[in-house]
Amino acid sequence: MRSEIEELINAVTDEADCIDDLIDAIRDQRAAMSERDVDSVNALMDETRDIFFEAQTCEGRRADLARRLAAKFSCEPRAGSLESVMDNEERAIFGGAVDRLTQSIFVLKGEMIVINGLIDQNEKFTSMLLSEFRRLNGDRVSQTGGADFRG
(Lines give C-alpha, C1' and ligand atoms only; values in the text may rest on other atoms or scores of the structure.)
Protein backbone atom coordinates (compact mmCIF):
# COMPACT_ATOMS: atom_id res chain seq x y z
CA MET A 1 0.00 0.00 0.00
CA ARG A 2 1.29 3.46 -0.87
CA SER A 3 2.35 5.45 2.18
CA GLU A 4 0.34 8.59 1.33
CA ILE A 5 -2.84 6.54 0.95
CA GLU A 6 -2.13 4.68 4.18
CA GLU A 7 -1.66 8.04 5.90
CA LEU A 8 -5.05 9.24 4.61
CA ILE A 9 -6.73 6.01 5.74
CA ASN A 10 -5.19 6.45 9.20
CA ALA A 11 -6.42 10.07 9.31
CA VAL A 12 -9.96 8.99 8.40
CA THR A 13 -9.87 6.26 11.06
CA ASP A 14 -8.46 8.66 13.67
CA GLU A 15 -11.28 11.10 12.98
CA ALA A 16 -13.90 8.35 13.29
CA ASP A 17 -12.32 7.23 16.60
CA CYS A 18 -12.43 10.79 17.88
CA ILE A 19 -16.07 11.25 16.90
CA ASP A 20 -16.93 7.95 18.59
CA ASP A 21 -15.22 9.21 21.76
CA LEU A 22 -17.26 12.41 21.50
CA ILE A 23 -20.49 10.40 21.17
CA ASP A 24 -19.60 8.36 24.27
CA ALA A 25 -18.82 11.50 26.28
CA ILE A 26 -22.10 13.15 25.22
CA ARG A 27 -24.08 10.06 26.20
CA ASP A 28 -22.26 9.86 29.55
CA GLN A 29 -22.99 13.53 30.12
CA ARG A 30 -26.68 13.05 29.41
CA ALA A 31 -26.76 10.13 31.88
CA ALA A 32 -24.98 12.20 34.53
CA MET A 33 -27.50 15.00 33.99
CA SER A 34 -30.42 12.65 34.53
CA GLU A 35 -28.75 11.45 37.75
CA ARG A 36 -28.20 15.10 38.77
CA ASP A 37 -24.48 14.42 39.23
CA VAL A 38 -23.18 17.97 38.83
CA ASP A 39 -19.50 17.10 39.30
CA SER A 40 -19.64 14.44 36.60
CA VAL A 41 -21.55 16.75 34.27
CA ASN A 42 -18.90 19.45 34.66
CA ALA A 43 -16.03 16.99 34.16
CA LEU A 44 -17.74 15.54 31.09
CA MET A 45 -18.33 19.03 29.68
CA ASP A 46 -14.57 19.64 29.88
CA GLU A 47 -13.88 16.25 28.33
CA THR A 48 -16.41 16.89 25.55
CA ARG A 49 -14.81 20.24 24.76
CA ASP A 50 -11.33 18.68 24.60
CA ILE A 51 -12.52 15.84 22.36
CA PHE A 52 -14.34 18.33 20.13
CA PHE A 53 -11.12 20.29 19.57
CA GLU A 54 -9.27 17.04 18.90
CA ALA A 55 -11.94 16.07 16.35
CA GLN A 56 -11.50 19.43 14.62
CA THR A 57 -7.76 18.81 14.43
CA CYS A 58 -8.35 15.34 12.98
CA GLU A 59 -10.78 16.75 10.44
CA GLY A 60 -8.28 19.39 9.35
CA ARG A 61 -5.52 16.79 8.99
CA ARG A 62 -7.78 14.49 6.96
CA ALA A 63 -8.91 17.32 4.70
CA ASP A 64 -5.32 18.47 4.16
CA LEU A 65 -4.16 14.95 3.29
CA ALA A 66 -7.11 14.50 0.92
CA ARG A 67 -6.28 17.80 -0.83
CA ARG A 68 -2.61 16.89 -1.22
CA LEU A 69 -3.44 13.43 -2.53
CA ALA A 70 -6.03 14.87 -4.91
CA ALA A 71 -3.50 17.38 -6.23
CA LYS A 72 -0.95 14.61 -6.74
CA PHE A 73 -3.38 12.44 -8.70
CA SER A 74 -5.30 15.28 -10.40
CA CYS A 75 -8.67 14.39 -8.92
CA GLU A 76 -11.18 15.86 -6.49
CA PRO A 77 -10.49 15.66 -2.73
CA ARG A 78 -13.64 13.58 -2.20
CA ALA A 79 -13.80 9.92 -1.24
CA GLY A 80 -15.31 8.72 -4.54
CA SER A 81 -12.77 10.58 -6.61
CA LEU A 82 -9.82 9.48 -4.46
CA GLU A 83 -10.98 5.85 -4.62
CA SER A 84 -10.70 5.98 -8.41
CA VAL A 85 -6.90 6.32 -8.19
CA MET A 86 -6.50 3.48 -5.66
CA ASP A 87 -5.85 -0.18 -6.31
CA ASN A 88 -8.36 -2.77 -5.11
CA GLU A 89 -6.74 -3.37 -1.71
CA GLU A 90 -6.38 0.36 -0.99
CA ARG A 91 -9.92 1.03 -2.19
CA ALA A 92 -11.39 -1.66 0.09
CA ILE A 93 -9.58 -0.43 3.19
CA PHE A 94 -10.23 3.24 2.40
CA GLY A 95 -13.90 2.54 1.66
CA GLY A 96 -14.30 0.79 5.01
CA ALA A 97 -12.70 3.72 6.84
CA VAL A 98 -14.91 6.22 4.99
CA ASP A 99 -18.03 4.16 5.78
CA ARG A 100 -17.08 4.08 9.45
CA LEU A 101 -16.51 7.85 9.52
CA THR A 102 -19.83 8.44 7.75
CA GLN A 103 -21.64 6.23 10.29
CA SER A 104 -19.96 8.01 13.22
CA ILE A 105 -21.02 11.39 11.85
CA PHE A 106 -24.58 10.12 11.39
CA VAL A 107 -24.73 8.92 15.02
CA LEU A 108 -23.25 12.22 16.26
CA LYS A 109 -25.89 14.17 14.34
CA GLY A 110 -28.55 12.03 16.01
CA GLU A 111 -27.09 12.80 19.44
CA MET A 112 -27.10 16.52 18.60
CA ILE A 113 -30.79 16.30 17.64
CA VAL A 114 -31.53 14.71 21.01
CA ILE A 115 -29.57 17.41 22.84
CA ASN A 116 -31.30 20.19 20.92
CA GLY A 117 -34.67 18.64 21.77
CA LEU A 118 -33.76 18.49 25.45
CA ILE A 119 -32.64 22.12 25.39
CA ASP A 120 -35.87 23.20 23.70
CA GLN A 121 -37.92 21.19 26.18
CA ASN A 122 -36.01 22.70 29.11
CA GLU A 123 -36.59 26.20 27.73
CA LYS A 124 -40.34 25.57 27.45
CA PHE A 125 -40.58 24.16 30.99
CA THR A 126 -38.58 27.05 32.39
CA SER A 127 -40.86 29.53 30.65
CA MET A 128 -43.95 27.72 31.93
CA LEU A 129 -42.62 27.66 35.50
CA LEU A 130 -41.71 31.34 35.39
CA SER A 131 -45.14 32.19 34.01
CA GLU A 132 -46.85 30.17 36.74
CA PHE A 133 -44.61 31.74 39.38
CA ARG A 134 -45.57 35.21 38.14
CA ARG A 135 -49.27 34.30 38.10
CA LEU A 136 -49.18 32.95 41.64
CA ASN A 137 -47.32 35.99 42.90
CA GLY A 138 -49.60 38.50 41.22
CA ASP A 139 -46.90 39.38 38.71
CA ARG A 140 -44.75 40.91 41.47
CA VAL A 141 -41.48 40.08 39.79
CA SER A 142 -39.25 43.12 39.57
CA GLN A 143 -37.60 44.25 36.39
CA THR A 144 -34.29 42.93 37.69
CA GLY A 145 -35.72 39.43 37.70
CA GLY A 146 -35.97 39.21 41.50
CA ALA A 147 -39.24 38.38 43.17
CA ASP A 148 -40.93 40.62 45.70
CA PHE A 149 -41.67 38.30 48.64
CA ARG A 150 -43.18 40.96 50.88
CA GLY A 151 -46.71 40.22 52.14
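Per-structure values
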| read-out | value |
| --- | --- |
| Mean accessible surface per residue for the chain, computed with a 1.4 Å probe while every protein chain stays in place, in Å² | 68 |
| Residue among Ile93, Met33, Ile5 farthest towards the positive dipole end of the chain, charges placed on Cβ | Met33 |
| Cβ charges +1 (Lys, Arg) and -1 (Asp, Glu), total dipole of the chain, debye | 840 |
| C-alpha center-to-center spacing [region 1-31, region 100-118] in angstrom | 14 |
| Dipole moment magnitude, nearest 20 debye, region 55-113 about Cα centre, only Lys, Arg, Asp, Glu C-beta charged | 220 |
| Gyration tensor (Cα) of region 6-94, equivalent ellipsoid semi-axes in angstrom | 36, 12, 8 |
| Helix axis angle, 3-34 relative to the chain longest principal axis, alpha carbon, degrees | 20 |
| Mean residue ellipticity (222 nm) of the chain, computed from DSSP H runs ≥ 4 via -39,500 (n - 2.57), nearest 500 | -29000 deg cm²/dmol |
| Cα→Cβ-extended label distance, 7 Å offset, between Lys124 and Asp87, nm | 5.8 |
| Å³ per residue enclosed by the Cα convex hull of the chain | 151 |
| Accessible-area composition of region 24-148, carbon plus sulfur, in percent [1.4 Å probe] | 54 |
| Region 6-119, relative contact order in percent, only Cα pairs under 8 angstrom and at least six apart counted | 38 |
| Karplus (6.51, -1.76, 1.60) ³J(HN,Hα), θ = phi - 60°, over region 86-100, in Hz, Gly and Pro reported as x | 9, 7, 4, 5, 4, 4, 5, 5, 4, x, x, 5, 5, 4, 5 |
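The values are calculated or read from the model by the stated rules, or taken from the named source; none is laboratory data. Computed from a prediction, not measured in an experiment: that's the story for all the values here. Backbone-built Cβ (ideal geometry, glycine too); neighbour counts: all protein chains shown. The accessibility values were calculated without ligands, DNA or RNA, using every heavy atom of the protein model including side chains. Shrake-Rupley method; radii C 1.70, N 1.55, O 1.52, S 1.80 Å.
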